[in-house]
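The block underneath contains the structure these notes are about, expressed in structure tokens.
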Amino acid sequence: MKNRMSRFSKNVEESAKEVKEAKKQKGRLWHYASVIGIAGWLFAIPVVAGAYLGRYLDRKIEASISWTITFIILGIALGAYNVWYFYFREK
């Protein structure tokens, strides 16, 4: 009888540990998903803003250079910096 209770107790402990681990894994998944989502927005917003600003300047100012391409490249650089800064701040 004592041997059965000991095995039962061990099974319950193992099950409890598995449930705790599963909860931790689920929490990590959502954390990583939110970090990726935030990083995506941090990158996309400067690129789109640069495209709109460049398009506006192309329509207003007649110049030999394309402001749209210029500001998209600047937006990519700014977006990459934002993601880099956010990633290292998270750690």
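Check the stretch 42-52 and report whether any residue there is out of contact with any Gly (no Cβ under 8 Å at 6 or more places or on another chain) and of a type in the set (A, V, I, L, M, F, W, C). No; the residues of the stretch 42-52 include none that is out of contact with any Gly (no Cβ under 8 Å at 6 or more places or on another chain) and of a type in the set (A, V, I, L, M, F, W, C). Checked against the criterion of being modelled with pLDDT of 75 or more, part of a helix (DSSP H, G or I) and not hydrophobic (A, V, I, L, M, F, W, C), the stretch 13-33 contains one or more residues that satisfy it. Residues that are within 16 Å of the chain's Cα centre (by Cα) and small (Gly, Ala, Ser) within the stretch 63-91 comprise 79, 80, listed in sequence order. Residue selection: residue 54 fails the criterion of being without any contact (Cβ under 8 Å) to a residue 60 or more places away in the chain, touching a Leu at 6+ places or on another chain (Cβ under 6 Å) and in a helix (DSSP H, G or I).
The values are calculated or read from the model by the stated rules, or taken from the named source; none is laboratory data. All of these numbers come straight from a predicted model, not from anything done at the bench. With ideal geometry, Cβ positions are generated from the backbone for all residues, glycine too; neighbour counts draw on all protein chains shown.
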